[in-house]
1. Could you count how many residues in segment 215-235 are in contact with a helix residue (DSSP H, G or I) (Cβ under 7 Å, 6 or more places away or on another chain) and closer than 15 Å to residue 75 by Cα?
2. Out of curiosity, is residue 104 closer than 22 Å to residue 161 by Cα, surrounded by 17 or more Cβ atoms within 10 Å (Cβ to Cβ) and either modelled with pLDDT under 95 or among the charged types (D, E, K, R) (or both)?
3. Just give me the residues in segment 285-297 being of a type outside the set (D, E, K, R), touching a helix residue (DSSP H, G or I) at 6+ places or on another chain (Cβ under 6 Å) and more than 14 Å from residue 158 (Cβ to Cβ), in sequence order.
4. Which condition does residue 271 not pass, out of (1) over 26 Å from residue 83 (Cβ atoms); (2) of a type in the set (Asp, Glu); (3) touching a strand residue (DSSP E or B) at 6+ places or on another chain (Cβ under 9 Å), if it passes all the others?
5. With (1) touching a Lys or Arg at 6+ places or on another chain (Cβ under 6 Å); (2) without any contact (Cβ under 8 Å) to a residue 24 or more places away in the chain; (3) not charged (D, E, K, R) as the list, and residue 185 as the residue in question, which single condition is left unmet?
6. Report every pair of residues separated by at least 6 positions or lying on different chains whose Cβ atoms are under 8 Å apart, first residue within segment 226-237 and on the phi > 0 side of the Ramachandran plot and of a type outside the set (Lys, Arg), second open to solvent by 20 Å² or more (accessible area, probe 1.4 Å) and assigned to a helix (DSSP H, G or I).
7. Could you identify the single residue in 48, 79 that is more than 30 Å from residue 308 (Cα to Cα), of a type in the set (Phe, Trp, Tyr) and either modelled with pLDDT of 95 or more or touching a Lys or Arg at 6+ places or on another chain (Cβ under 8 Å) (or both)?
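The values are calculated or read from the model by the stated rules, or taken from the named source; none is laboratory data. Computed from a prediction, not measured in an experiment: that's the story for all the values here. Glycine also receives a Cβ, built like all others from the backbone with ideal geometry; neighbour counts cover every protein chain displayed. Ligands, DNA and RNA are excluded from the accessible area calculation, which covers all protein heavy atoms including side chains. Shrake-Rupley method; radii C 1.70, N 1.55, O 1.52, S 1.80 Å.
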Amino acid sequence: MKIKNKLKYAILFGTVTAFSISIINKLIYVSATLKNNLSPAKGKYYNWRFGKVFYTKQGTGSPLLLIHDLDVCSSSSEWREVVKKLSINHTVYTLDLLGCGLSDKPYLTYTNYLYVQLISDFIKNVIGHKTDVIASGFSSSFTIMACHNDSSLFHKIMLVNPDDLLQSNFAPSKKSMALKILFDSPIIGTLIYNIIFSKNNVRSSLLEKLHSSSGKTILYLDEFYEAAHLQNCQGKYLFASMKGRYTNVNIIHALKEINNSIYIVAGNNQDKIKIRIENYSYYNPSVESFFVTDTRNYPHIEKPSVFLEQVNIFFDN
């Protein structure tokens, strides 16, 4: 009888705990998205096979696709500082990658090849022409892979602080796959995700990615925080896949064979960025680079005028 009572109380306690955590997760979601900083008013949706992908189109001229960093906090708002001026000479497309921003965040395993397919299909079905591309951070790897897969879709490629070639080569392990299972779990996984992407943690991460803690931090903090929690915090599925290393891929072979012009723009204060770029140049000697002083991960946010100069030099020539 005592065992039955203990089991009954254990089940009751587990149910109350799970319900309480669910309420906490819901409150975090509501508070994070209350300001509605990311509005779909100025964009459209591309109905892709795995979900709706939010994008914008503005300007006239040769097509230019801007791809934000692959991060649950990232969205096309990353390009706000430069998109208006770029649209003077280009038809500029920005998109929120699947799992990010205002795009759908389905429960699936996000892989590098998933994004290769997305970029290729977007260029074919939305842009409809061979295009120039600027890709930021971890999005560089699947941009290179997409170009290698079908170079007829790409003209010139600019990479902004591309990911490390060694790091992107790490394959899923038992430990990383276990982490994916944990973050994919419906209640505890969401709670851990919300703790990792609390506003203080998002602020700290943003400060690490910017050279100066100026007004840029305040401007982007709410947007980054909101982006990570949209759609009931379902960005955790992308985060789970990244932690599981499913978005990693070895791009060295593709980098060697690409004949398209590649130009790297990097923040000179980012850790080990010079070694990283040397590795890219080693496997593809035609890769050129430029360092933007006093910037880190986002030279296009911190020094947009310098960044735009490099864009004009590279694409207009």
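1. 11
2. Considered against the rule, which asks whether it is closer than 22 Å to residue 161 by Cα, surrounded by 17 or more Cβ atoms within 10 Å (Cβ to Cβ) and either modelled with pLDDT under 95 or among the charged types (D, E, K, R) (or both), residue 104 comes out as no.
3. 295, 297
4. Result: residue 271 passes all but (3).
5. (1)
6. If the second residue must be open to solvent by 20 Å² or more (accessible area, probe 1.4 Å) and assigned to a helix (DSSP H, G or I), the pairs left are 232/26; 232/29; 233/28; 233/29.
7. 48
Conditions tested, residue by residue: (1) within 16 Å of residue 164 (Cα to Cα); (2) over 21 Å from the mean Cα position of the chain (by Cα); (3) modelled with pLDDT under 95; (4) of a type in the set (Ser, Thr, Tyr).
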residue	(1), (2), (3), (4)
203	no, no, yes, no
209	yes, no, yes, no
231	no, no, yes, no
259	no, yes, yes, no
271	yes, no, yes, no
286	no, yes, yes, yes
297	yes, no, yes, no
315	no, yes, yes, no
